[in-house]
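Here's the structure, in C-alpha cells; my notes come after.
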Amino acid sequence: MERDRILELYRRLAPAYEEVYGEEQRRKYWLISSQVGERVADAGCGVGLVFEVVNAYVVCLDISLDMLEKAKTRRGDLGEVVAADFWHPPFRERSFDTVLFLSSVEPGLYEKAYEAWRGVTRKVVCEFRGEWRIFEQRN
C-alpha cells in the first residue's frame, strides 16, 4: 500500500516537479558533479535533472513512470532511464563509480542505502535537506 501511495504522489508531482524543486536539485548535482566518476546511477532521479548537470554516463532510476517519462526528454546520448525500486538495484557488481541519493532518502536510511548498493558501486552519496554523507569503498 505504501508503494501505491508514493506512486500516486509522484504522479501528481511530476508535472510541477521542475518548477518546485528544479533550482534546488540542480545546485545539489552541481555541488557533487566533480566527484562522481564516469558511471553514475541516480537513485530516485525524479525528472532527470542530473542529465543537465553531471558530465558522465548516467542511469536514472525511479519507481515512478510519470517522473521517468520526463527524464527521458533530458537523457540525450549518454544515459539510460530505468524503472526500478532503488532498494533492490537491478545491476551487476561494480556497474557504477557512484550512486546518488539526492533528496531521495532521509538521513536515518543512509546506512540502508549504502548496504543496498555497496557491491554495485564504489561510492554512495546521500543528501537530504542539506545533510550529506558519502560512503566509499577502497578496492
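The values are calculated or read from the model by the stated rules, or taken from the named source; none is laboratory data. A quick note: this is a predicted structure, and the numbers were derived from the prediction, not measured. Glycine also receives a Cβ, built like all others from the backbone with ideal geometry; neighbour counts cover every protein chain displayed. The accessibility values were calculated without ligands, DNA or RNA, using every heavy atom of the protein model including side chains. Shrake-Rupley method; radii C 1.70, N 1.55, O 1.52, S 1.80 Å.
Points to keep in mind about this one:
- Matching residues, segment 61-80, being assigned to a helix (DSSP H, G or I) and open to solvent by 10 Å² or more (accessible area, probe 1.4 Å): LEU65, ASP66, GLU69, LYS70, LYS72
- Hits in segment 45-58 - residues which are open to solvent by 20 Å² or more (accessible area, probe 1.4 Å) and out of contact with any Gly (no Cβ under 6 Å at 6 or more places or on another chain): GLU52, VAL53, ASN55, TYR57
- Near pairs, Cβ below 7 angstrom, 6+ apart or cross-chain, from segment 33-52 (under 11 Å from LEU100 (Cβ atoms) and outside any loop (DSSP other than H, G, I, E, B)) to any residue that is open to solvent by 20 Å² or more (accessible area, probe 1.4 Å) and of a type in the set (Gly, Ala, Ser): ALA43/SER104
- Summed over segment 84-134, residues that are in a strand (DSSP E or B) and farther than 13 Å from ILE32 by Cβ total 5.
- Condition check for ASP85: crowded, with 22+ Cβ neighbours inside 10 Å, acidic (Asp, Glu) and within 23 Å of ARG3 (Cβ to Cβ): no
- Failed item in (1) at pLDDT below 95; (2) open to solvent by 50 Å² or more (accessible area, probe 1.4 Å), with GLU38 passing the rest: (1)
- Pair list, Cβ < 9 Å and 6+ apart or interchain, from segment 77-89 residues that are farther than 14 Å from VAL120 by Cα to residues that are exposed (fewer than 14 other Cβ atoms within 10 Å of the Cβ) and at pLDDT 95 or above: VAL82/PRO90; ALA84/PRO90
- Filter pass, ALA16 being open to solvent by 10 Å² or more (accessible area, probe 1.4 Å), closer than 17 Å to THR121 by Cα and of a type in the set (Gly, Ala, Ser): no
- Taken together, GLU127, GLU52 contain a single residue that is out of contact with any Asp or Glu (no Cβ under 9 Å at 6 or more places or on another chain), closer than 19 Å to LYS28 by Cα and at pLDDT 95 or above, which is GLU127.
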